[in-house]
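Working notes, structure below.
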Amino acid sequence: MSELFRIPVRAASRAYEVLAGAGALEAAAGEMRQLCPQGRAIIVADRDALSAHRTRLESVLTGVGLKPDFILLEGGEGVKTWEGLRIVTDALLDREMARNEALIAFGGGTVGDLAGFAASIMKRGCGFIQMPTTLLAQVDSSVGGKTGINTRHGKNLIGSFHQPDLVVADSGFLESLPRRELAAGYAEIVKAGLIADRALFERLEAAETDPLALDALVPVIADAVRFKARIVAEDEREAGVRALLNLGHTFAHAFEAEAEKGALIHGEAVSCGIVMALKFSASLGLCGPDAARRAAAVLGGAGLPVSIRELPGGPYDPSALTARMGQDKKNAGSGITLILARGIGEAFISPGHEPAQISAFLAGEV
Ligand SMILES: NC(=O)c1ccc[n+]([C@@H]2O[C@H](COP(=O)([O-])OP(=O)(O)OC[C@H]3O[C@@H](n4cnc5c(N)ncnc54)[C@H](O)[C@@H]3O)[C@@H](O)[C@H]2O)c1
Ligand SMILES: O=C(O)C(=O)C[C@@H](O)[C@H](O)[C@H](O)COP(=O)(O)O
Ligand SMILES: [Zn+2]
């Protein structure tokens, strides 16, 4: 499969393109040159992703007259910290980076979220190019401009909205990605279908071959990006409909904050969180038990955890999880805001849930 997709993202603050598929890197090189007018490409790079793709990346950049200058980081949640932010911003200031230069993030969602946050505050905002190297980053985190870090209070609680100028989602980067990480990205694709794209979900459900095979994934990546682009164009700063992209995340971020350090990855937390949101919806009579069962079959089919008992990083305590959910950014006024569903492809925003009711529900799941 050698298709290349160009997907426009028309966010209110900035319009840009996502180049997705085979050869996206080569196709984007000319535009990258324009976004880096000083002839250097300052790249915050995930060490593992770079070691797998350095030769090709350097050759394409130097081919258009850009001199690569790498700031190397270990990928993973450990980098999305105040210390990670200090390291990146210091490195940019050491290089006397100018505001008209674009910072390039080469890595997964952790490196992209951190580098994007650094770009948003560097001299009050410099350019930014996302070059996502994980499936999760290609279908979700590189698009839409959410950036940020974690603190001891929880996931993504400090951050900004800062749209990239360009997203280069080359499917060749995924060839070196471990299967566990491919599955994690698949969770965010399934999420898109469950929120409001029933046809996408049913296509995933009907697939008879390995859902994580790269050839089959490329058009699905494009579908997921188009879906997210539509929502971001409608509501860039999450005043309303964008909150739907948080399906499963109120639970997921609580799992991540409570997990044993380094044991749980975001997509796995999202997979289990989605099933929890659908089961909770069913417990309130909003939908039948079938939605959670079907979602669990598709997610579990990709090797993802679909229950708290099988979630890495436990055991999880229902009251501690509920307290974490009380810190969620979607909450306004009293109670906890959840994204619930009336069925497959019918998610909606549901505010004001009693912590005691959520805790009792979780107690039945641990
Ligand atoms: N900003 C958003 O809209 C948004 C959306 C979804 C998720 N996120 C955030 O994204 C993060 C998760 O991102 P992720 O799943 O990409 O994880 P990640 O960045 O931790 O990358 C996963 C692992 O894969 C390695 N890796 C990356 N690319 C590789 C490659 N091509 N080959 C081999 N190894 C490679 C990394 O070193 C890391 O160990 C979470 O922090 C989550 O909160 C943000
Ligand atoms: O882009 C969005 O909006 C999302 O909610 C996408 C999520 O998959 C992603 O994990 C995001 O970082 C969560 O946002 P947050 O605002 O809950 O931190
Ligand atoms: Zn997510």
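If you rank 186, 316 by fewest surrounding Cβ atoms within 10 Å, what's the result? Please list the in-between numbers first.
Numbers: 186 27, 316 20.
Fewest to most other Cβ atoms nearby, the residues stand as 316, 186.
Once you order the gyration tensor axes a ≥ b ≥ c over the Cα atoms, which shape class does the range 211-254 get: rounded for a/c under 1.5, otherwise prolate or oblate by comparing a/b with b/c? Numbers along the way, then the final one.
Working: a/c = 4.59, a/b = 1.46, b/c = 3.14.
Taking the square roots of the gyration eigenvalues as a ≥ b ≥ c, the range 211-254 is oblate.
In the neighborhood of residue 71, defined by Cβ-to-Cβ distances under 11 Å, what is the net charge if each Lys or Arg adds +1 and each Asp or Glu adds -1?
Working: positive: 47, 95; negative: 46, 69, 90, 94.
With Lys, Arg at +1 and Asp, Glu at -1, the net is -2.
Provide 265, 349 in ascending order of the number of other Cβ atoms located within 10 Å of each residue's Cβ, fewest first. Before the final figure, lay out each step's value.
On the way: 265 25, 349 16.
Ascending Cβ contact count within 10 Å gives the list 349, 265.
Please identify the GluC sites (Glu not before Pro) of the range 197-229 that satisfy two criteria: DSSP loop assignment and at most 12 other Cβ atoms within 10 Å. Which are they? Don't skip to the answer; put the middle values down first.
Values: sites: 202, 205, 208; in loops: 208.
Of the GluC sites (Glu not before Pro), the ones in loops of the range 197-229 whose Cβ has at most 12 other Cβ atoms within 10 Å are 208.
In whole Hz and in residue order, list the ³J(HN,Hα) couplings for the range 249-258 that follow from phi through the Karplus curve 6.51 cos²θ - 1.76 cosθ + 1.60, θ = phi - 60°; x for Gly and Pro.
Along the range 249-258, the couplings run 7, 5, 5, 4, 5, 5, 4, 5, 5, 9 Hz.
If you take the square roots of the eigenvalues of the alpha-carbon gyration tensor of the chain and sort them as a ≥ b ≥ c, do you get rounded (a/c under 1.5), prolate (a/b over b/c) or oblate?
Details: a/c = 1.86, a/b = 1.51, b/c = 1.23.
Since a/c reaches 1.5 and a/b is larger than b/c, the shape of the chain is classed as prolate.
Percent relative contact order of the range 27-177, based on C-alpha pairs within less than 8 angstrom and at least six residues apart? Please report the intermediate quantities before stating the final value.
Numbers: 300 pairs, mean separation 34.3, N = 151.
Reported relative contact order: 23 percent.
Within a Cβ distance under 15 Å of residue 278, other residues only, what is the Lys/Arg minus Asp/Glu net charge?
Result for the neighbourhood of residue 278: +2.
Tell me, 197, 90, 170 in order of fewest to most beta-carbon neighbours within 10 Å? The partial results should precede the final answer.
Values: 197 21, 90 12, 170 26.
Ranked by crowding around the Cβ, least crowded first: 90, 197, 170.
Find how many whole Å separate the alpha carbon centroid of the range 54-89 from the alpha carbon centroid of the range 187-217.
31
Is the shape of the range 4-176 best called rounded, prolate or oblate, per the rule: a/c under 1.5 gives rounded, else a/b larger than b/c gives prolate, else oblate, with a ≥ b ≥ c the square roots of the Cα gyration tensor eigenvalues?
rounded
Extending each Cα 7 Å along its Cβ direction at residue 51 and residue 86, get the distance between those two points in nm, one decimal.
Distance between the two pseudo-spin positions: 2.7 nm.
Tell me, what HN-Hα J-couplings in whole Hz come from the Karplus equation 6.51 cos²θ - 1.76 cosθ + 1.60 at θ = phi - 60° for each residue of the range 81-93, using x for Gly and Pro?
Per residue, the Karplus-derived 3J(HN,Hα) values read 9, 4, 5, x, 5, 5, 4, 5, 5, 4, 5, 5, 5 Hz.
Read phi for every residue in the range 46-58 and hand back ³J(HN,Hα) as whole Hz from Karplus 6.51 cos²θ - 1.76 cosθ + 1.60, θ = phi - 60°, with x for Gly and Pro.
Karplus-based 3J(HN,Hα) across the range 46-58 equals 5, 4, 5, 5, 5, 5, 7, 10, 4, 4, 5, 4, 4 Hz.
So which of 123/329; 67/191; 67/155; 123/228; 146/261 end up more than 31 Å apart by C-alpha? Working shown, then result.
On the way: 123/329 27 Å; 67/191 39 Å; 67/155 35 Å; 123/228 29 Å; 146/261 23 Å.
Listed pairs above 31 Å: 67/191; 67/155.
Take every Cα pair under 8 Å in the chain that's 6+ residues apart, average their separations, divide by the length, and report that relative contact order as a whole percent.
Values: 760 pairs, mean separation 56.3, N = 366.
It rounds to 15 percent for the chain.
FYI, it's all coordinate maths here, none of it is from the lab. Fair warning: this is a prediction, and the values are worked out from it, not measured in the lab. For neighbour counting, all protein chains shown are included, and Cβ atoms are generated from backbone atoms with ideal geometry for every residue, glycine included.
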